[in-house]
Amino acid sequence: MTEIRGCSIPEDRYYWPEKHVWARPEPDGTVTIGITDVAQHLAKTIISVTPRGVGRKVQRGKSAGTLESGKWVGPVTSPISGEIVAVNEAAIADPKLLNEDPYGAGWFARLRPDDWENESKLLLTGQEAVEAYRQVLEQEGISCT
């Protein structure tokens, strides 16, 4: 886990830094997606989590659902294309999970990817992701402290 400007960035995820979303391939071939620590800090206290329904298709770069906080309502951009096979019912019931544990209990949805092999190449992981996130945070003047 790397910390940049107070924001946690685990190296084992795939990131789209500009959209503040991550993806993690699972052993069963599905891919879990969620928002980053940066996103939850920007949103502040999340009060509503509304993923699109199981069975819905989502496209990379389009909304996989919405989040609402006291200061913001907006989409969770899907980092990949695929069919939603699971949504985080615990986070729907307790939205603050996305604030408390955005990379664990606060995941957003799980997708059966259309083309993980190629779309994963459009995301950043490991040290490359850390450096890209460092640039985004510095350019935008974002801090999680």
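Within region 73-101, the set of residues being under 23 Å from Lys44 (Cβ atoms) and either among the hydroxyl-bearing types (Ser, Thr, Tyr) or in contact with a His (Cβ under 8 Å, 6 or more places away or on another chain) (or both) comprises Thr77, Ser78.
Going by the conditions given, is Thr36 touching a His at 6+ places or on another chain (Cβ under 7 Å), of a type outside the set (A, V, I, L, M, F, W, C) and closer than 16 Å to Tyr14 by Cα?
On the way: touching a His at 6+ places or on another chain (Cβ under 7 Å): yes; of a type outside the set (A, V, I, L, M, F, W, C): yes; closer than 16 Å to Tyr14 by Cα: yes.
Yes; evaluated as a whole, the condition is true for this residue.
If you scan region 39-75, which residues turn out to be acidic (Asp, Glu) and within 19 Å of Arg110 (Cα to Cα)? Scanning region 39-75 gives no hits.
Taking the residues in region 70-82 that are at pLDDT 95 or above, open to solvent by less than 60 Å² (accessible area, probe 1.4 Å) and out of contact with any Pro (no Cβ under 8 Å at 6 or more places or on another chain) as candidates, determine which candidate is farthest from Glu26 (Cα to Cα). Applying the filter and picking the extreme gives Thr77.
Being among the acidic types (Asp, Glu) and assigned to a helix (DSSP H, G or I) is the filter; apply it to region 8-63 and report the residue that is most open to solvent (accessible area, probe 1.4 Å).
Start the filter on region 8-63 by keeping residues that are among the acidic types (Asp, Glu), which leaves 11-12, 18, 26, 28, 37.
Pick out the ones that are also assigned to a helix (DSSP H, G or I) and you get 18, 37.
Details: Glu18: 121, Asp37: 15 Å².
Out of the qualifying residues, it is Glu18.
The one condition from (1) crowded, with 18+ Cβ neighbours inside 10 Å; (2) of a type outside the set (Asp, Glu); (3) closer than 19 Å to Tyr14 by Cα that Leu97 does not meet is (3).
Scan region 64-97 for residues that are out of contact with any Asp or Glu (no Cβ under 6 Å at 6 or more places or on another chain) and in a loop (DSSP other than H, G, I, E, B) and the total you get is 9.
If you go through region 102-145 and keep only what is acidic (Asp, Glu), open to solvent by 50 Å² or more (accessible area, probe 1.4 Å) and either in contact (Cβ under 8 Å) with a residue 60 or more places away in the chain or farther than 17 Å from Leu42 by Cβ (or both), you end up with Asp114, Asp115, Glu117, Glu128, Glu131, Glu138. Residue count for region 25-48, restricted to those that are farther than 16 Å from Lys71 by Cβ and touching a residue at least 24 places away in the same chain (Cβ under 8 Å): 10.
The values are calculated or read from the model by the stated rules, or taken from the named source; none is laboratory data. As the structure is a prediction and not an experimental result, all values here were calculated from the model. Please note: Cβ atoms are built from the backbone with ideal geometry, for glycine as well, and neighbour counts cover all protein chains shown. Surface accessibility is based on the protein's heavy atoms, side chains included, excluding ligands, DNA and RNA. Shrake-Rupley method; radii C 1.70, N 1.55, O 1.52, S 1.80 Å.
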